[in-house]
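Note sheet for the following structure.
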Amino acid sequence: MPCMKSLQENKKQKYRQLLIVLAITFVVSPFLQAGIGNIFLISLLLYTIMLIISSFPLPRKLLAIYGAIAIIAFCLEVISTLNGGFYLNQTFSLISQIVFAIYLAGAAYWIGRDIFTTPEVTIDIVRGGISVYLLIGFVWALLYGIVNTLDANAFSQPLVRVDSYLRTIHFSFTTLTTLGYGDIVPLSEVAQVLTNLEAIIGQMYSSIFIAILIGSYLSHRSN
């Protein structure tokens, strides 16, 4: 009986841990150098997301594929840390960013699908909504890194630096929130399309999520 209560409680609070990990990643990752600390942070993020995704009623094959992507992402991070010179290799950097982008985009999709189809909006659903918003920012940061790796002149300033994620994350979240400092400007057509898409998605997601919260509040109030 206590075990059942504990499982139900964990189910109700499944997005709390993810939000905490994402918040820590957001604050700490720009200042992390490639090392043990970065491996620990990445592995914690991958594990947390995998734990949540596995709680969804998904086919086993899909879960296995998603788990394999997590393992590949973790291995790439470990290799980049143990082989500093190899990290500078353009091909390796590109593969690493693509794998992480696929993994985080998949997490944002499944979690977003869960929170937008839930019959009741709870505080944990709000946490999940905030988590998806942060995941969108991280996914686009990786996409900008991919574009900059392929085209060094895609932006007015280079976004990808050795052992630093600061510029890609900074540019992504200033675009997502439509803050737009203007210190970094997209120059290539691909970069311009990506920035426009992120700004549109950021505004649409915020509007839809707030509408769901208000609708749930009014529904509970009328009942």
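The values are calculated or read from the model by the stated rules, or taken from the named source; none is laboratory data. Note that the structure is a prediction, hence the values are computed from the model and not measured. All Cβ positions, glycine included, derive from the backbone under ideal geometry; neighbour counts span all protein chains shown. Remember, those area values only see protein heavy atoms, side chains included, never the ligands or the DNA or RNA. Shrake-Rupley method; radii C 1.70, N 1.55, O 1.52, S 1.80 Å.
Assorted remarks:
- Residue within region 74-81 that is modelled with pLDDT under 75, in a loop (DSSP other than H, G, I, E, B) and surrounded by 13 or more Cβ atoms within 10 Å (Cβ to Cβ) present: no
- Subset of region 96-122 (residues that are surrounded by fewer than 16 Cβ atoms within 10 Å (Cβ to Cβ) and either in contact with a Pro (Cβ under 8 Å, 6 or more places away or on another chain) or under 14 Å from residue 212 (Cβ atoms) (or both)): 113, 116, 117, 118, 119, 120, 122
- Restricting attention to region 173-219, the residues that are of a type in the set (Ser, Thr, Tyr) and within 21 Å of residue 120 (Cα to Cα) total 6.
- Residue check, residue 160 under 21 Å from residue 42 (Cβ atoms) and open to solvent by less than 20 Å² (accessible area, probe 1.4 Å): no
- Apart from one condition, residue 197 fits all of (1) within 20 Å of the chain's Cα centre (by Cα); (2) open to solvent by 60 Å² or more (accessible area, probe 1.4 Å); (3) under 28 Å from residue 39 (Cβ atoms); the exception is (3).
- Odd one out for residue 169 among (1) in contact with a Gly (Cβ under 9 Å, 6 or more places away or on another chain); (2) over 23 Å from residue 77 (Cα atoms); (3) surrounded by 14 or more Cβ atoms within 10 Å (Cβ to Cβ): (2)
- Residue match in region 48-63 (condition: open to solvent by 50 Å² or more (accessible area, probe 1.4 Å), small (Gly, Ala, Ser), at pLDDT 80 or above and more than 19 Å from residue 123 (Cβ to Cβ)): yes
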